[in-house]
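**Q** Before we start, here is the structure in question, set down as structure tokens.
The values are calculated or read from the model by the stated rules, or taken from the named source; none is laboratory data. What you are looking at is a predicted structure, and each value in this text was computed from that prediction instead of being measured. Here Cβ is always computed from backbone atoms with ideal geometry, including for glycine, and neighbour counts include all displayed protein chains.
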Amino acid sequence: MPLTPRRAALALMTLVILVGRVPAQPPAAKATDKDKDGWKKLFDGKSLEGWKASDFFGSGKVHVKDGAIVMETGSSMTGITYAGKDFPRIDYEVTFEAKKLAGRDFFCTTTFPVGEDYCSFVVGGWGGTTVGLSSIDSEDASSNETSKSKEFTRDQWYRVRLRISKPKIEAWIDDEKMVDLETADRRISIRLECRASCPFGLCTWETSGAVRDLRVRQLTEADKKAIAEQKPGENK
């Protein structure tokens with residue numbers, strides 16, 4: 001049957017109506033590696049993707065087991081170093097869980113950026129109980145004002161949290177605030193042997209340790225305002 005102008009117009013009108021009834025498809029969700037609070041996962045729980053074994057002499061084996069990164073006992077230090085180029089340098093927060101598996105010294109000492117400098121948060125050093133920052137004005141965690149003593153139980157997970165802002169360095173173990181140091185006019189540095197942990201890394205000393213749930217986020221403007229309004233000794 002020939003397609004008359006009237007039939008063509010009716011067919012076009014029918015097509016427009018049918019197309020109009022097709023439900024619009026929702027826009028594709030954008031892939032993101034951050035959760036709703038801005039936390040970015042640094043460890044996938046399955047592999048060492050994004051990490052490398054730290055270049056320590058005589059280090060032990062580094063591997064993934066049961067959803068955690070295990071750093072085996074070496075002749076001195078064993079560790080992991082973040083291999084990415086995107087780790088923040090200031091106004092950020094990092095958190096992870098760690099436990100001592102064997103040995104008598106630090107099991108998750110963390111080296112991290114502080115602006116253009118670096119610092120280390122020692123957890124269980126100098127025989128197993130010293131906690132603090134190395135180094136402040138050239139003094140180690142064993143002797144500067146951040147030094148504290150804490151007992152650590154083998155095979156127990158501890159939550160470590162570090163917050164590095166322009167005014168200060170803060171650190172918690174579980175809910176206990178261990179460090180609250182204002183950094184203005186202070187010389188921040190690391191011990192020579194921790195250079196292999198830069199820009200961000202964790203390590204052990206003659207000890208086997210495990211870490212998991214490594215995450216980082218940038219501080220928000222609200223976070224920075226709250227830090228500026230903190231009173232000395234506040235645990236937030």
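**Q** Can you pull out the residues in the range 197-236 that are part of a helix (DSSP H, G or I) and within 22 Å of GLY60 (Cβ to Cβ)? Spell out how you get there, then give the answer.
**A** Our first condition is that a residue be part of a helix (DSSP H, G or I); within the range 197-236, this holds for 197, 221-228.
The answer is SER197, and nothing else.
**Q** Give the residue that is nearest to THR111 (Cα to Cα), with candidates limited to residues of the range 131-157 that are free of Cβ contacts under 8 Å to residues at least 24 places away in the same chain and either of a type in the set (Lys, Arg) or crowded, with 18+ Cβ neighbours inside 10 Å (or both).
**A** Looking at the filtered set, the residue picked out is ALA141.
**Q** I'd like the full set of residues that are among the small types (Gly, Ala, Ser) and surrounded by fewer than 22 Cβ atoms within 10 Å (Cβ to Cβ), limited to the range 173-200. Even if it seems obvious, please write down each step before you answer.
**A** Looking only at the range 173-200, we keep the residues that are among the small types (Gly, Ala, Ser), and these are 184, 189, 196-197.
Hits for the range 173-200 are ALA184, SER189, ALA196.
**Q** Criterion first (over 19 Å from GLU206 (Cα atoms), crowded, with 17+ Cβ neighbours inside 10 Å, touching a strand residue (DSSP E or B) at 6+ places or on another chain (Cβ under 9 Å) and of a type in the set (Ser, Thr, Tyr)) does SER165 satisfy it?
**A** Working: over 19 Å from GLU206 (Cα atoms): yes; crowded, with 17+ Cβ neighbours inside 10 Å: yes; touching a strand residue (DSSP E or B) at 6+ places or on another chain (Cβ under 9 Å): yes; of a type in the set (Ser, Thr, Tyr): yes.
Judged against the criteria, SER165 is a match.
**Q** On the given criteria, is ILE80 assigned to a loop (DSSP other than H, G, I, E, B), of a type outside the set (Asp, Glu) and under 25 Å from GLY115 (Cβ atoms)?
**A** no
**Q** Another one. What residue, of THR81, THR73, is more than 29 Å from ARG187 (Cβ to Cβ), of a type in the set (Ser, Thr, Tyr), surrounded by 11 or more Cβ atoms within 10 Å (Cβ to Cβ) and at pLDDT 95 or above? Can you show your working first?
**A** Working: THR81 fails: more than 29 Å from ARG187 (Cβ to Cβ).
Matching residue, one of THR81, THR73: THR73.
**Q** Conditions: (1) farther than 20 Å from CYS198 by Cβ; (2) touching a Gly at 6+ places or on another chain (Cβ under 9 Å); (3) free of Cβ contacts under 8 Å to residues at least 40 places away in the same chain. HIS63 meets all but one. Number of the miss?
**A** (2)
**Q** Which one is surrounded by the fewest Cβ atoms within 10 Å (Cβ to Cβ) among residues in the range 84-115 that are hydrophobic (A, V, I, L, M, F, W, C) and within 24 Å of GLY127 (Cβ to Cβ)? Walk me through how you get there before you give the answer.
**A** So in the range 84-115, the residues hydrophobic (A, V, I, L, M, F, W, C) come out as 87, 90, 94, 96, 98, 101-102, 106-108, 112, 114.
Remaining after also requiring within 24 Å of GLY127 (Cβ to Cβ): 96, 98, 101-102, 106-108, 112.
Values: PHE96: 22, ALA98: 29, LEU101: 17, ALA102: 14, PHE106: 31, PHE107: 28, CYS108: 26, PHE112: 26.
My answer is ALA102.
**Q** Same structure, new question: Can we say ASP55 is at pLDDT below 95 and closer than 30 Å to CYS198 by Cβ? Don't jump to the end; show me each part of the working.
**A** Numbers: at pLDDT below 95: no; closer than 30 Å to CYS198 by Cβ: yes.
Answer is no for this residue.
**Q** Here's another thing I want to ask about it. Taking SER47 and the conditions (1) polar (S, T, N, Q); (2) touching an Asp or Glu at 6+ places or on another chain (Cβ under 6 Å); (3) surrounded by fewer than 23 Cβ atoms within 10 Å (Cβ to Cβ), which numbered condition does it fall short on, given that it satisfies the others?
**A** (2)
**Q** Of the numbered conditions (1) surrounded by 15 or more Cβ atoms within 10 Å (Cβ to Cβ); (2) over 17 Å from VAL123 (Cα atoms); (3) not small (Gly, Ala, Ser), GLU170 satisfies every one except a single condition; which is it?
**A** (2)
**Q** At least 3 residues that are closer than 16 Å to ARG217 by Cα and out of contact with any Pro (no Cβ under 9 Å at 6 or more places or on another chain) in each: list the strands (runs of 3 or more DSSP E) lying fully within the range 87-163 that qualify. Steps first, answer last, please.
**A** Values: elements: 92-103, 109-114, 117-125, 130-134.
Where strands (runs of 3 or more DSSP E) fall fully within the range 87-163 and carry at least 3 residues being closer than 16 Å to ARG217 by Cα and out of contact with any Pro (no Cβ under 9 Å at 6 or more places or on another chain), they are 92-103.
**Q** Inside the range 44-53, can you point out the residues that are in a loop (DSSP other than H, G, I, E, B) and either under 15 Å from the mean Cα position of the chain (by Cα) or farther than 19 Å from GLU97 by Cα (or both)? Steps first, please.
**A** Keep residues of the range 44-53 that are in a loop (DSSP other than H, G, I, E, B), which gives 44-50.
Within the range 44-53, ASP44, GLY45, LEU48, GLU49, GLY50 qualify.
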